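Asks: The structure is given below, and queries will be raised subsequently.
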Amino acid sequence: MTASNESVIAALRQLVAYTKLEDGQSQSFRTRAYEKAIDAIAATSDPVGDLSMAELKRMDGIGDSTARKIVEFSSNGSIGKVDRLKQRFPPTMLDLMRIPGLGPKTVLLLQEELDVIDVEGLTEAIEKQQLRSLPGLGAKSEEKIANSISLLGIHSDETRTPIAEAMDVAKRVMAELDGVKGVLRIEYAGSLRRLSETIGDIDILVTAEAGSPIVDAFIGLPGVTAVLGSGGTKASVVMDDRIQVDLRVVPDAAFGAALMYFTGSKGHNIALRQRALDRGLTLNEYSLSEIDTGTIVASNTEADIYHRLNLRWITPEVREDTGEIAASGDGTLPDPMHVSDLRGDLHVHTDWSGDGRSTLREMLDAAVVRQLEYIAITDHAEDLAMNGLSRERMLEQRDEIHEIRCDYPSLALLHGAELNIGPDGSIDYDPEFLTLFDFGVASIHSHFGLPQNEQTDRLITAINNPAVTVVGHPSGRRIGTRPGVDFDADAVFGAAEETNTALEINSHLHRLDLAATLLRRAIETSGVMFAISTDAHHTSAYSNVQWGVAQARKGWVPKERVINTLDTDSFIEWIGKKRNS
DNA sequence: GCCGTTTTCGGCCCGACTGTTTTCAGTCG
């Protein structure tokens with residue numbers, strides 16, 4: 001049993017926390033090196049627990065020492081250095097470090113001076129007013145730390161918020177700030193703008209002539225349950241007792257620089273700032289400027305700043321410091337896809353499905369508004385309990401689609417189905433009935449817990465079925481609530497490529513399936529094609545396509561690898577390659 | 001601890017806010 005990437009990352013996070021205590025500082029070069037290694041592992045789909053020392057060291061940011069620790073963890077289930085540090089620093093001291101405002105220096109001070117090593121001890125010490133006797137701390141610190149203890153739950157690693165929920169909060173905050181006098185521009189930034197799957201804090205950027213009025217309005221917004229800090233240009237609050245929202249206000253002329261700074265990632269920013277220094281420039285959240293003279297050379301737009309650093313604008317989704325800067329510099333970063341590149345939608349439900357909410361005509365009318373050239377209606381097939389369509393109902397729907405077709409001359413209308421992949425890879429209906437469909441998307445809706453070899457066989461069996469043109473939301477994950485099925489990605493990519501079967505990039509923020517790491521792996525190691533689909537159950541869900549396209553960008557997917565960027569004739573030809581083979 | 005068109009040592013991004021300081025240390029992003 002080898003260690004999963006998640007468990008390796010968790011172990012390295014522990015290593016970081018203990019090393020901060022050992023070093024007595026929050027940002028030693030060692031801890032930064034470990035954190036860089038964590039980022040590298042998070043960005044790869046390689047199972048690092050299976051890699052050799054040499055293979056690990058080939059990864060950017062992993063050197064001899066960290067590679068050895070990963071191998072050690074993979075074989076022993078623990079890292080010796082962590083075990084040793086645990087003797088010196090009880091694990092409860094890590095809980096103290098999670099309290100907002102408490103860093104390694106203060107936590108060490110608490111241990112040395114007051115023998116405080118856990119949250120209970122700290123609470124007692126505060127009640128006895130012992131903290132104010134320590135150097136650098138006073139009555140106000142005591143009060144602040146007491147308040148912070150109540151926020152502990154919001155800052156633990158387990159409470160990252162799924163992107164769909166965080167996006168809702170961000171949109172709400174932005175809508176409310178939009179009405180505040182003096183606000184010029186508002187944008188969300190941070191990991192939300194990078195389309196991370198889960199979000200720690202929501203970052204909101206506002207431009208305005210004066211910061212204070214905006215900050216005041218922000219900390220008074222409905223739903224704000226705690227104010228963590230506020231100054232003239234920035235503030236942090238907790239919304240709905242649940243998620244931290246950070247606001248930053250800058251002058252409008254600094255919008256581009258601020259958006260870059262606030263979008264991150266940290267690693268991307270550090271790399272860019274280094275690149276600036278190499279060119280005699282310095283980059284901060286206000287501008288890119290000359291070191292010698294202070295003259296501003298770019299600040300207004302992100303593109304201006306990238307250009308002055310001899311880079312093409314880099315789409316936010318790929319700013320993870322995983323090679324995007326070098327790729328932008330040498331022109332190998334794919335051109336970012338746009339919603340307008342898509343000509344068709346290949347996964348659309350209607351109210352014929354039990355869970356569909358809009359009628360066929362409503363979905364088609366809205367598709368025309370989207371200026372789509374082709375669409376596949378793919379209601380649930382019969383094996384899906386409650387929501388699936390029987391053969392009789394499918395034939396009725398086929399008739400309706402046939403009748404309605406002439407009302408939509410601009411739209412090539414395909415009658416498809418969302419087929420269910422059974423535990424053995426079989427799908428609904430029978431081969432003869434399946435030939436009645438113009439199109440088939442097959443998805444996993446059950447049996448999520450099978451072992452990897454069975455999931456892999458199951459997917460490949462479905463991929464080999466001539467009725468299956470696209471595999472829908474291939475992993476079946478629901479971000480934050482259900483992990484995807486465990487499958488051998490390379491084997492599935494290979495089978496799909498060989499049979500001209502596309503893999504879906506599902507646009508729902510709850511799904512974003514396939515994951516970006518797998519997309520990037522697929523692009524680099526196979527020729528498999530993708531379909532960006534909305535899986536819309538209502539006309540309003542068509543707008544989710546923006547997230548599917550953003551997910552493709554995050555996975556470095558060029559539009560040449562997406563079948564629904566093809567024009568209608570080329571698309572029909574492409575799907576015919578499998579159906580007619 | 002990592003890394004290398006100033007390579008095997010000597011560097012390593014930048015600024016806001018807070019509380020405790022009379023000029024700065026700690027924390028955070």
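Each reported figure results from applying straightforward, stated rules to the coordinates on display, with no laboratory input. Everything numeric here is computed off the predicted structure, so don't read it as measured data. Every residue, glycine among them, receives a Cβ derived from its backbone with ideal geometry; neighbour counts consider all protein chains shown.
Asks: Set Lys and Arg Cβ to +1 and Asp and Glu Cβ to -1, take the dipole of chain A about its Cα centre, and tell me which of A:Ser150, A:Leu360, A:Tyr408 lies farthest positive.
Replies: Towards the positive end, the residue furthest out is A:Ser150.
Asks: Let me ask something else. So if I place +1 on the C-beta of Lys and Arg and -1 on the C-beta of Asp and Glu, and nothing else carries charge, what would the dipole magnitude of chain A be about its Cα centre? I want it in debye, nearest 20. Can you show the working numbers first?
Replies: Working: 58 positive and 87 negative charges, 391 e Å.
Charge dipole of chain A: 1880 debye, to the nearest 20.
Asks: Dividing the Cα convex hull volume of the range A:339-579 by residue count, how many Å³ per residue is that?
Replies: Working: hull volume 26.0 nm³, N = 241.
Value for the range A:339-579: 108 Å³ per residue.
Asks: A follow-up question, please. Mind ordering A:561-567, A:46-52 by average Cβ neighbours within 10 Å, highest first?
Replies: Numbers: A:561-567: 20.6, A:46-52: 15.7.
The densest-packed peptide leads the list: A:561-567, A:46-52.
Asks: To the nearest µm²/s, what D does Stokes-Einstein give for the range A:1-66 at 20 °C and 1.002 mPa s, using the Kirkwood radius over alpha carbon pairs as Rh? Intermediate results must be reported in sequence, preceding the final value.
Replies: Numbers: Rh = 12.2 Å.
Estimated diffusion coefficient is 176 µm²/s.
Asks: Also, I was wondering about something else. Once both axes come from the Cα atoms, what is the angle between helix A:139-149 and the longest principal axis of chain A, in degrees from 0 to 90, rounded to 10?
Replies: Long axis of A:139-149 versus the principal axis of chain A: about 20 degrees.
Asks: Taking amide hydrogens as modeled 1.01 Å from N in the peptide plane, which residues meet the under 5 Å criterion relative to A:Val297, leaving out close sequence neighbours?
Replies: Here A:Leu288, A:Ser289, A:Glu290 satisfy the definition.
Asks: Helix-only mean residue ellipticity at 222 nm, chain A, DSSP H runs n ≥ 4 weighted -39,500 (n - 2.57), per residue, nearest 500. What is it? It would help to have the intermediate numbers written out before the result.
Replies: Values: 24 runs with 243 residues, N = 581.
Value at 222 nm, helices only, nearest 500: -12500 deg cm²/dmol.
Asks: Using alpha carbons only, how many degrees (0 to 90, rounded to 10) separate the axis of helix A:5-23 from the longest principal axis of chain A?
Replies: 10
Asks: Bin width 10 Å, origin at 0, all Cα-Cα pairs of the range A:461-581: what percent of pairs per bin?
Replies: 14, 46, 35, 5, 0
Asks: How long are the semi-axes of the equivalent ellipsoid of chain A, taking √(5λ) for every eigenvalue λ of the Cα gyration tensor, in whole Å from largest down? If you can, show how the numbers build up before the last one.
Replies: Working: eigenvalues 418, 162, 119 Å².
Square roots of five times the eigenvalues give 46, 28, 24 Å.
Asks: If you take the charge dipole of chain A about its Cα centre, with +1 on Lys and Arg Cβ and -1 on Asp and Glu Cβ, which of A:Pro222, A:Ser443, A:Gly555 is farthest toward its positive end?
Replies: A:Pro222
Asks: With the contact rule set at Cα under 8 Å and sequence spacing of 6 or more, what percent relative contact order holds for the range A:5-155? Walk me through the numbers on the way to the answer.
Replies: Numbers: 153 pairs, mean separation 32.7, N = 151.
Computed value for the range A:5-155: 22 percent relative contact order.
Asks: Using only alpha carbon positions, build the gyration tensor of the range A:212-360, then give the equivalent ellipsoid semi-axes as the square roots of 5 times its eigenvalues, largest first, whole angstrom.
Replies: 34, 28, 13
Asks: Arranged by the count of other C-beta atoms within 10 angstrom, fewest first, what order do A:Phe218, A:Phe89 take?
Replies: Numbers: A:Phe218 26, A:Phe89 21.
The order, fewest Cβ neighbours first, is A:Phe89, A:Phe218.
Asks: If you don't mind, there's one more thing I want to ask. Using the Kirkwood formula over every pair of different C-alpha atoms, what hydrodynamic radius in Å results for the range A:390-523? Don't skip to the answer; put the middle values down first.
Replies: Numbers: mean 1/r = 0.0633 Å⁻¹.
15.8 Å is the Kirkwood radius here.
Asks: Something else: Highest first, please rank the peptides A:233-243, A:323-333 by the mean number of other Cβ atoms sitting within 10 Å of their residues. Before the final figure, lay out the partial values.
Replies: Numbers: A:233-243: 18.4, A:323-333: 15.0.
Ranking the peptides A:233-243, A:323-333 by packing returns A:233-243, A:323-333.
Asks: Something else: Work out how far the C-alpha atoms of the range A:160-250 reach from end to end along every principal axis, then list the three figures in whole Å, largest first.
Replies: Extents along the principal axes: 34, 24, 19 Å.
Asks: What does DSSP give for chain A in terms of the percent of beta bridges that are antiparallel, rounded to the nearest 5?
Replies: On the way: 24 of 58 bridges.
Percent antiparallel among DSSP bridges in chain A is about 40.
Asks: Of A:Lys36/A:Lys69; A:Lys36/A:Lys105; A:Lys266/A:Lys559; A:Lys57/A:Lys266; A:Lys36/A:Lys266; A:Lys20/A:Lys128, which sit over 18 Å apart, Cα to Cα? Walk me through the intermediate numbers first.
Replies: On the way: A:Lys36/A:Lys69 14 Å; A:Lys36/A:Lys105 22 Å; A:Lys266/A:Lys559 28 Å; A:Lys57/A:Lys266 22 Å; A:Lys36/A:Lys266 10 Å; A:Lys20/A:Lys128 28 Å.
Those over the limit are A:Lys36/A:Lys105; A:Lys266/A:Lys559; A:Lys57/A:Lys266; A:Lys20/A:Lys128.
Asks: Find the percent of Cα-Cα distances in the range A:341-422 that exceed 14 Å, and round it to a whole number. Could the numbers behind the result be given before it?
Replies: Numbers: 2001 of 3321 pairs.
Percentage above 14 Å: 60.
Asks: Counting pairs of alpha carbon atoms under 8 Å apart in space and at least six apart in sequence, what relative contact order in percent does the range A:339-579 give? List each step's numbers first, then the result.
Replies: Details: 502 pairs, mean separation 49.5, N = 241.
Reported as a whole number, the value is 21 percent.
Asks: Separate question: Determine by what factor the alpha-carbon radius of gyration of the range A:255-329 differs from 2.2 N^0.38 Å, reporting the quotient. Write down the numbers at each step before the final one.
Replies: Working: Rg = 11.0 Å, N = 75, 2.2 N^0.38 = 11.3 Å.
Cα Rg divided by the expected 2.2 N^0.38 Å: 0.97.
Asks: Could you work out Rg/(2.2 N^0.38 Å) for the range A:5-155, with Rg from alpha carbons only? Write down the numbers at each step before the final one.
Replies: Numbers: Rg = 17.6 Å, N = 151, 2.2 N^0.38 = 14.8 Å.
Normalised Rg, Cα atoms only: 1.19.
Asks: Please compute the contact order of chain A in relative form: average sequence separation of alpha-carbon pairs under 8 Å and at least six residues apart, divided by the residue count, as a percent. List each step's numbers first, then the result.
Replies: On the way: 1073 pairs, mean separation 52.8, N = 581.
That works out to 9 percent.
Asks: Something else now. Provide Rg and Dmax in Å for the range A:81-206, with only Cα atoms included in the calculation.
Replies: 18.9, 56
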